[in-house]
């Protein structure tokens, strides 16, 4: 294949001013939210929250939260716990704006929170915030958390951005300053997903990577830890001294039901009040819409369904194999027949609502004859059993995903047939969520995986964690580049997109990067999610948000009418 790429991303000049974009709480970093969320949001005005916490909500999730240290590598289901147990400096609302959490105000150039060049920061915290054990939360906690993430011995889930922070100075219990080594535009969004742990507990831990803390986590969020019954549920209780609004519920039960049909049945019978993450499967959508006292609606999500290919495996090192598998994927049948036409086909890792989305990428179509020719031309010849081989490597691999997801299993079976037709043998090997998304995924022990990923950081299109060479966990990096994809050109695009606050230049870098990933195919993109969410109609305050990974992020505002 002809390859004339260079290790720089050409970016056009112009765009909004640096001063404006440094605030990054405005629409420059936001997604244009689509979908019928207004009905849910209006419900919050339909009744008055209770004077004190009362009642409980059962949240039904198809995967089990298992990582209770929010700074370690984790998957999206764990954030269903983090948003309710811990706090960040600020969060993102459904319109893509930053709103204060632990800070008293969102830092901007105008209020002195940022210098105009983006290098000097001043953070002002809310006074009177306390950890769940009654210990005051202070600027020392913020300093400790950032320095912990920077510690090379700490297995941080995300080091990007944090690694640029220098000279952290605690000015007072509610104020601190620091300097950035260089401007890093995604950092405000990264901080919206950085949940803090208590210094006074962690500094006594022998190993911050394996702390006793995880057995009974202590945060500053709206709910406190009660219990965890592995394989079944987690219970949280209202924290009366919470520094924000609410909570209005006395208890929050996060229930784990791995079988999506059983999960839907429990929502149908009323045992589950809100069904999230994978949501209601498309084959139950029409029935679910007719359920009494339920609000069931598809909502767009930033997640992209992919086949992730482990480029560390010999069979996937050849680009011809990746191209052939993509041309031989009957994407249309997956979307229309298995997912009932609800999701949207895509060629990008970014959602279509992102300001950096590239709509001009080459369109895939199902063409097994073209796939066969690509393999023939690249020297992959059929063996005696019909499976292709090249230089002693068979075109044979496993594909894994979460066990119990019957819709994904149907898609796997279709792909298995598609790829057998071109001489590729795929064996399905599905695993329980805790195993699938543990070291098997994080440390790149899989061959290929069917996986839904939100590649962004909140509303920001930076995808350093998933595509940067330095983010390969299996090679000692900090991040989730589990496909072990390495591209100097993509690294350059990521660096350029993060190093300027000029949105036009950032967009040019990300447009180019999407061209490169579409060409290199470390992931075979299938569709952007349209997750069918269900919630009981009397549950007030529920508001879907495309900028978060799980829509129980604001459970502190929920209450029963």
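Bear in mind these aren't lab numbers, they're just calculated from the coordinates by the rules spelled out. Computed from a predicted model, the values in this text were never measured in an experiment. Neighbour counts are summed over all protein chains in view; Cβ atoms, including those assigned to glycine, are modelled from backbone coordinates with ideal geometry.
Be a star and scan the range 461-501 for residues whose amide nitrogen sits under 20 Å from the point 7 Å along the Cα-to-Cβ vector of residue 352. Under cut-off, by backbone N: 461.
Using a cut-off of under 20 Å, list every residue of the range 521-549 whose amide N is near the label point 7 Å from the Cα of residue 269 along the Cα-to-beta-carbon line. It comes to 534-537, nothing else. With a Förster radius of 25 Å applied to the C-beta separation of residue 344 and residue 319, the computed FRET efficiency comes to 0.45. Under 14 Å from a label point set 7 Å out along the Cα-to-Cβ vector of residue 47, the amide N atoms of the range 513-552 belong to 536-542.
With n ≥ 4 as the cut-off for DSSP H runs, can you work out [θ] at 222 nm for the chain, using -39500 (n - 2.57) per run divided by the number of residues, rounded to the nearest 500? Each step should come with its number before you reach the end.
Values: 16 runs with 131 residues, N = 561.
Result for the chain: -6500 deg cm²/dmol, rounded to the nearest 500.
Remark: C-alpha extents of the range 301-530 on the principal axes read 57, 39, 36 Å, sorted largest to smallest. Spatial offset of the range 61-97 relative to the range 401-470 amounts to 21 Å, using the alpha carbon center of each. Computing Rg and the Kirkwood Rh from the Cα coordinates of the range 226-342 gives a ratio, Rg/Rh, of 1.10. From the C-alpha coordinates alone, can you work out the Kirkwood hydrodynamic radius of the chain, in Å? It is 24.3 Å.
Here, the range 445-500 has an Rg and a Dmax of 11.5, 36 Å when only alpha carbons are counted. Computed extension gain for residue 369 through residue 140, at 0.36 nm per residue and net of the alpha carbon distance, reaches 76.2 nm. Projecting label points 7 angstrom from Cα along Cα→Cβ for residue 406 and residue 504 puts them 5.4 nm apart. The fewest-to-most ranking of 331, 445, 390 by surrounding Cβ atoms within 10 Å reads 445, 390, 331.
For the range 291-368, what number results from the quotient of the Cα radius of gyration and 2.2 N^0.38 Å? Provide the component values of the computation, followed by the final result.
Details: Rg = 15.8 Å, N = 78, 2.2 N^0.38 = 11.5 Å.
Here the answer is 1.38, to two decimals.
Label-to-label distance for residue 181 and residue 413 is 5.1 nm, based on points extended 7 Å past Cα in the beta-carbon direction.
Note that the range 471-561 shows a convex hull volume over its alpha carbon atoms of 168 Å³ per residue.
Spatial offset of the range 223-240 relative to the range 341-387 amounts to 43 Å, using the alpha carbon center of each.
Relative to the globular-protein estimate of 2.2 N^0.38 Å, the Cα radius of gyration of the range 396-484 stands at 1.19. Residues 491, 117, ranked from the fewest to the most other C-beta atoms within 10 Å, line up as 117, 491. Ordering of 540-550, 150-160 by packing is 540-550, 150-160, highest average first (other Cβ atoms within 10 Å, averaged per residue). Taking the C-alpha atoms only, the angle from helix 139-150 to the longest principal axis of the chain is near 20 degrees.
Between residue 428 and residue 216, what FRET efficiency follows from the Cβ-Cβ distance if R0 is 30 Å, with the result rounded to 0.05? That pair, residue 428 with residue 216, gives E of 0.20.
By the count of neighbouring beta-carbon atoms within 10 Å, fewest first, 518, 388, 166 end up ordered 166, 518, 388. Our note on the geometry: Cα centres of the range 191-211 and the range 264-314, 33 Å apart.
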